[in-house]
Amino acid sequence: MVKASLWTKNFLIDTIVNFFIYLVYYLLMVIITVFATNNLHASLSEAGLASGIFILGTLLARLLAGRSIETVGRKKMLYAGMFFYFLTTLFYFGANSLMILYVIRFFSGIGYGIASTATSTIIANIIPTERRGEGINYYGLSTSIAAAMGPFLGMFLNQHFDFTSIFIFCAVLLGLCVLVCFFLDITEIKLTPQQAAQMHEYKISNFIELNVLSIASVGVFMGLCYSSVLSFLAAYSQEINLVGAGTFYFVVYALVITVSRPFTGILFDRKGENFVLYPCYIFLAIGLYMLSQAQSSFLMLLSGAFVGLGYGTFMSNGQAVCVKLSPAHRMGIATSTYFVALDFGLGVGPFLLGFLRPMIGFPGIYMLTAIIALACIVLYYVLYGKKAGKEFARIRSEMAN
């Protein structure tokens, strides 16, 4: 039996566009607080708000975009999101006050949220059904590598170029993405009259896909765990005098994911989601525990490898579960629901964990998040894993007979 083709023109374009969407996001996340403090004389908390308000815009956009992607059209939403993301990036050149910066960040978050939800929805129809896990894992590399390269590139550019040059660089990347999107062949979902009528109703199920709430609920806690690494690693590595290792932490994270993704995708398709997802929670817990005990560069970098195998693998395979559970005409809502959950965990985590930091310190934070990661095993089993295991066993039994 010949495998359906995965590496098509559309797959490559959508994956590359998604990579640059996330690269600009992570790059600016790193330097925007520095820009706010150095150029706009903001306090640390005011500069932090410039980062956080972006997430608010993203959450709002994802909630609304999931429904609109199917009612307005995937192509129109992708074009609108990409152009708006590009346009708001140009506005950084006029950010001469904190209030203006807040407004720009909020609307830029909306553009990013629409564009990233659209690319993730479109890819689900590009990937052949029988290669869903493999395809989404390859696609997910674009996000994971951007998550490593973005902060690294942001710190590098901040050391060697001024902010105007950095904003020009980001605007050029997004401008090219806008142009490349026109070469993407997008399959629209044709709604039946009944489906169209239902999708236009203002009810919660048209903004949140109830079928994926199980895996999305686990995603909230996984995002919270990972937020401890994103938000506090730089300060923690300074505190324990491992700044060099901290700088390359996300590089190790990305390398491990790059190597492991093809295998985890194939295992997802052949062995089922439980075979891939249960180890994710264990690996993440091990990585966070290592971080809490890190007194050497080796242990810190090894932690990055386990966190990559844990959170990095969960992120893409959780999306594959959403695609599996969602009807074709509600793929956009399912995708937005899942990423809203991850973003919520990433957004609320720094606030909650930061509140605990004076009491338990950074090692205590990482020990606590390691325990939460282990608790996700139970949560996943109760909400989804038990049912998924029985379903996979039933399908294998039918195929054997």
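Throughout, read-outs are computed from the coordinates displayed, never taken from laboratory work. Note that the structure is a prediction, hence the values are computed from the model and not measured. For neighbour counting, all protein chains shown are included, and Cβ atoms are generated from backbone atoms with ideal geometry for every residue, glycine included.
Normalised size of the range 205-401, defined as Cα radius of gyration per 2.2 N^0.38 Å with N residues, equals 1.06.
Please report, to two decimal places, log10 I(q)/I(0) for the range 222-267 at q = 0.14, 0.26, 0.32 Å⁻¹ as given by the Debye formula with identical point scatterers on the Cα atoms and no solvent. With one equal scatterer per Cα and no solvent, log10 I(q)/I(0) is -0.45, -0.93, -1.05.
Seen from all sides and averaged, what is the projected area of the convex hull of the Cα atoms in the range 69-127, in nm²? Can you show the working numbers first?
Numbers: hull surface 16.4 nm².
Hull-based average projected area comes out at 4.1 nm².
The gain in end-to-end length when the residue 352 to residue 90 segment is fully stretched comes to 91.0 nm, 0.36 nm per residue minus the alpha carbon separation.
Placing R0 at 41 angstrom, the Cβ-Cβ distance between residue 194 and residue 371 gives a FRET efficiency of 0.30 after rounding to 0.05.
Considering only 352, 213, 230, the Gaussian network model of the chain with Cα springs below 10 Å gives its largest mean-square fluctuation to 352.
Against the globular-protein guess of 2.2 N^0.38 Å, express the Cα radius of gyration of the range 287-401 as a ratio, rounded to two decimals. Intermediate results must be reported in sequence, preceding the final value.
On the way: Rg = 17.9 Å, N = 115, 2.2 N^0.38 = 13.4 Å.
Normalised Cα radius of gyration, the range 287-401: 1.34.
How much net charge surrounds residue 268 when only other residues with a Cβ under 11 Å from its Cβ are counted (Lys, Arg +1; Asp, Glu -1)? Don't skip to the end; give the middle numbers.
Working: positive: 131, 132, 261, 270, 271, 324; negative: 134, 269, 273.
My count for the surroundings of residue 268 gives +3.
Placing a pseudo-label 7 Å from each Cα along the Cα-to-Cβ vector at residue 391 and residue 378 gives an inter-label distance of 2.5 nm.
Stretched out straight at 0.36 nm per residue, the stretch from residue 360 to residue 185 would grow longer than its current Cα-Cα span by 57.8 nm.
Under the definition of Cα pairs under 8 Å and six or more residues apart, what whole-number percent is the relative contact order of the chain?
After rounding, I find 24 percent.
Using a Gaussian network for the chain with springs between C-alpha atoms less than 10 Å apart, which of these wobbles most: 37, 119, 335? Among 37, 119, 335, the largest mean-square fluctuation in the Gaussian network model of the chain belongs to 37.
Its residue count N sets the reference 2.2 N^0.38 Å, and the alpha-carbon radius of gyration of the range 203-290 equals 1.37 times that reference. Note on residue 156 and residue 255: the model spin-label points, each 7 Å out from Cα along the C-beta direction, lie 1.5 nm apart.
Taking 0.36 nm per residue of sequence separation and removing the Cα-Cα distance, the residue 99/residue 12 pair yields an extension gain of 27.5 nm. Selection among 116, 22, 146 by position relative to the dipole of the range 1-185 gives 116 as farthest towards the positive end (Cβ unit charges, Cα centre).
Computed over Cα pairs, the Kirkwood radius of the range 1-185 leads via Stokes-Einstein (1.002 mPa s, 20 °C) to a diffusion coefficient of 127 µm² per second. Name the most mobile residue of 172, 212, 229, meaning the one with the largest mean-square fluctuation, in a Gaussian network model of the chain with Cα contacts below 10 Å. Its mean-square fluctuation being the largest, the pick is 172.
Spacing of the modelled spin labels on residue 210 and residue 4, each 7 Å from Cα toward Cβ, amounts to 2.9 nm. Measuring against 20 Å, Cα to Cα, the residue pairs 9/190; 190/387; 76/324; 75/324; 9/75 contain 9/190; 190/387; 76/324; 75/324 as the ones spanning a longer distance. Express in % the proportion of alpha carbon pairs of the range 128-257 at distances exceeding 22 Å. Within the range 128-257, distances greater than 22 Å cover 63 percent of Cα pairs.
For a quick check: sort 329, 41 by the number of other beta carbons within 10 angstrom, fewest at the front. Can you show the working numbers first?
Details: 329 17, 41 10.
By the 10 Å Cβ count, ascending, the order reads 41, 329.
With Cα atoms as the point set, the chain shows a radius of gyration and Dmax of 20.6, 70 Å.
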